[in-house]
Amino acid sequence: MKVLVVGSGGREHAVIMKLKESKDIDEIVCAPGNGGISAIARCVNVKATNIEGMKKLALDEQVGFCVVTPDDPLALGMVDALEEAGIPCFGPRKDAAIIEASKAFSKELMKKYNIPTASYEIFDDASKAMAYIKERNEYPTVIKADGLALGKGVLIATSEQEAMDAINQMMVDKAFGDSGNKVVVEEFMQGTEVSVLAFTDGKTIKPMVSSMDHKRANDNDEGLNTGGMGTIAPSPLYTDDIAKTCMDAIFVPTMEAMNKEGRTFKGCLYFGLMLTEKGPRVVEYNCRFGDPETQVVLPLLESDLFTIMKACHDETLSDVDVKWSNESAACVIEASGGYPLAYEKGFAIKGLDENGQHEGIVVYHAGTKKENNVYYTNGGRVLGLMAKGDTLEEALDKAYAATKEVGFEKMHYRTDIGKKLRKAQ
């Protein structure tokens, strides 16, 4: 079978690497792809949000299955369009992708179905949001743009001035476009964050191994929010008891809530969780694989990813055995200096072989291009250096050792990925 994967980042590179292991796939096409992906899949320059262009590509190529991974095309209804054209997909339809596309929807869903989360209020008027924040006078406070914002639409304000600036940025200056027409103002939850991605066909839900992302640009969780600067899996703080609580109180109830709303979710449902003193609570939902969580979760999957994805589409997930390795994985993101704000592109990357890889680790390409057999930087997050080990410490040591050999001019990366958890295993 020929498979089409939609997207162009490190997550897509990780998905394609795992799909390449399947004996049922003859060829993988990726649109638009990137320099590193081009070493293992045929890349076609169709923008990930171009629904008609992607449908034409899928039909012209006669693909048998499509994997839609980024949030934007899912929220725009790409799965609906492809499936109506007769192409089965892994990923939720538009009416289910709203669980990520609208923070207001997801908060109201959790309230309605008693799924544990932070208390909140929703505003579509900047002055009313500001008045509420001033009256509440509790800091830190969390302010979220309602719509999609490339993982950067959540601001944690530690003072009234920061909160007012955040409201102005989102609702008045439209830093995130129409995504900031509404905002969610919610309580700041104390605890440790953990991400759990789950396969679901709408009837069965099978969680993947846990992971922990590091969102802030700089060490010690300082600096601006990014798409993710590194991640580890599994989180040693996510115990079997916590996993059972999450399954009973969050994962299954969310799947069932979406069914009751007539928005059956099929694909990868991402749970951003906070482990608080009162138990696990939902920080956010995503309607797809996380980036860079996918880069540490999928390398630990021992079962055939394509078989699982087809089962999610066919609603036969209960028949599939999903097995995981007992190893640990760590991924350090090498980013362009200045990211997530302004940064330069076009620097040659050292330390990669002709396939964009480096011995002893796996290199996931997020923002690269390939010209004359040389890889160049072409984005904010450029590479993800992933290593596995029997322990988290071993995986982290391998990944960080590779940062001394793989890199580029004006490179930036965090030196403390997994630091808090190194000894917790």
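Between the alpha-carbon centres of region 292-311 and region 151-220 there is a gap of 25 Å. The value for region 271-313 of Rg(Cα) / (2.2 N^0.38 Å) is 1.48.
According to the calculation over all Cα-Cα pairs in region 312-363, the P(r) per 5 Å bin from zero is 4, 11, 13, 13, 13, 13, 10, 12, 9, 3 %.
Considering only protein heavy atoms and a probe of 1.4 Å, how much of the accessible area of region 99-234 is carbon and sulfur, as a whole percent? In region 99-234, the share of accessible area belonging to carbon and sulfur is 46 percent.
Does region 384-425 come out rounded, prolate or oblate by the C-alpha gyration tensor, with a ≥ b ≥ c the root eigenvalues, rounded set by a/c under 1.5 and, if not, prolate when a/b is larger than b/c and oblate if not? Judged from the Cα gyration tensor, region 384-425 comes out oblate (a/c at least 1.5, b/c at or above a/b). Pairs from the table (56/144; 152/398; 266/323; 18/266; 2/345; 23/94) lying more than 25 angstrom apart at Cα are 56/144; 152/398; 2/345; 23/94.
Springs between alpha-carbon atoms under 10 Å, Gaussian network over the chain: tell me which of 123, 306, 90 tops the mean-square fluctuations. Of 123, 306, 90, the most mobile in the Gaussian network model is 123. Using the alpha carbons alone, the radius of gyration of the chain stands to its Kirkwood radius in an Rg to Rh ratio of 0.94.
With contacts taken as Cα pairs under 8 Å at a separation of at least 6 residues, region 323-387 carries a relative contact order of 43 percent.
For region 193-293, the relative contact order is 33 percent, taking Cα pairs closer than 8 Å that sit 6 or more residues apart in sequence and dividing their mean separation by the residue count. Report summary: the helix-based calculation at 222 nm, which adds -39500 (n - 2.57) for every DSSP H run with n ≥ 4 and divides by the residues of the chain, gives -7500 deg cm²/dmol. Please identify, among 386, 411, 309, the residue showing maximal mean-square fluctuation in a Gaussian network model of the chain using a 10 angstrom Cα cutoff. Evaluated over the chain, the most mobile residue of the options is 411. Residues whose amide H comes within less than 5 Å of that of residue 382, counting only those at least five positions distant or on another chain, are 334, 335, 336, 367 (H built at 1.01 Å from N in the peptide plane). Build a GNM of the chain with springs between Cα atoms under 10 Å apart, and of 206, 244, 215 the one that fluctuates most is 244.
For region 312-425, a Kirkwood radius taken over Cα pairs fed into Stokes-Einstein (10 °C, viscosity 1.306 mPa s) yields D = 102 µm²/s. Available extension along the chain between residue 124 and residue 20 is 32.9 nm, counting 0.36 nm per residue and deducting the alpha carbon span. Per residue, the accessible area of the chain comes to 41 Å², computed with a 1.4 Å probe over protein heavy atoms only. Using C-alpha pairs below 8 Å separated by at least 6 residues, the relative contact order for the chain is 17 percent. Across region 212-338, counting alpha-carbon atoms alone, Rg and Dmax equal 16.1, 47 Å.
The values are calculated or read from the model by the stated rules, or taken from the named source; none is laboratory data. Remember, it's a predicted structure, so these values are computed and weren't measured experimentally. Note: areas computed on protein heavy atoms with side chains; ligands, DNA, RNA excluded. Shrake-Rupley method; radii C 1.70, N 1.55, O 1.52, S 1.80 Å.
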